[in-house]
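Here's the structure we're looking at; comments come further down.
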Amino acid sequence: MRTLRKLLVVLLVIVTALSSNAFAQQRHAVDPAELAAAINQHVAAQDANRAAIREALGRAEVRQVAENAGIDLDRLTAGIDTMSAADLERAADAARNVNETLVGGATLIISATTIIIILLLVLLIVVVAD
């Protein structure tokens with residue numbers, strides 16, 4: 001009877017030792033390559049959003065509106081890197097709208113363009129101030 005217990009204990013220890021830890025490195029819930037690709041895609045999207053905002057803030061028309069409103073664009077530009085993903089997405093959408101509106105010197109009603117620029121600046125101010 002004692003040998004049967006010893007044998008049972010030894011088998012139980014071996015099964016426990018081999019069960020999860022020995023094979024845990026071979027099993028992944030998500031393929032590491034897919035995870036790396038998703039992270040790279042997310043980073044690339046955020047970089048593109050930041051670039052769109054910086055492009056909009058670099059435009060002469062935006063600088064003029066900001067100067068007239070007494071807004072410090074250098075402070076806003078510095079705050080772009082600290083924006084959350086959701087705020088970055090909203091600001092980038094507004095910035096892309098500004099960039100598309102002003103590309104190639106398009107002639108639109110100045111008041112509509114100015115309103116879009118002011119909305120972008122207000123959004124950035126609210127986000128950076130937090």
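The numbers here are math on the coordinates, done by the rules we state, and not lab data. Remember, it's a predicted structure, so these values are computed and weren't measured experimentally. Because the Cβ atoms are built from the backbone with ideal geometry, glycine has one as well, and the counts that use them run over all protein chains shown.
The string of couplings for region 29-46 from the Karplus curve (6.51, -1.76, 1.60, θ = phi - 60°) is 5, 10, 4, x, 5, 5, 5, 5, 5, 5, 5, 4, 5, 5, 5, 5, 5, 5 Hz, one whole number per residue in order, with x for Gly and Pro. Taking label points 7 Å from Cα along the Cα-to-Cβ direction, ARG5 and ALA38 give a separation of 5.0 nm. Roughly speaking, what is the stretch gain from LEU119 to GLU89, that is 0.36 nm per residue apart minus the C-alpha to C-alpha distance, in nm to one decimal? So the extension gain works out to 9.4 nm.
Across region 63-68, rounded Karplus estimates of 3J(HN,Hα) from the backbone phi angles (6.51 cos²θ - 1.76 cosθ + 1.60, θ = phi - 60°) give 4, 5, 5, 5, 5, 5 Hz, Gly and Pro being marked x.
About its Cα centre, region 29-129 has a charge dipole of approximately 280 debye under the convention of +1 per Lys or Arg Cβ and -1 per Asp or Glu Cβ, with nothing else charged.
Entry note, region 29-129: relative contact order of 33 percent, from Cα contacts under 8 Å with a spacing of 6+ residues.
Got a sec? Which residues in region 47-75 would a label at THR82 touch, if it sits 7 Å along Cα→Cβ and we count backbone N under 13 Å? Only 75 fall inside the zone, counting backbone N under 13 Å.
Residue by residue, region 87-98 carries 3J(HN,Hα) couplings of 5, 4, 5, 5, 5, 5, 4, 5, 5, 5, 4, 4 Hz when phi is fed to the Karplus relation 6.51 cos²θ - 1.76 cosθ + 1.60 (θ = phi - 60°); x denotes Gly or Pro.
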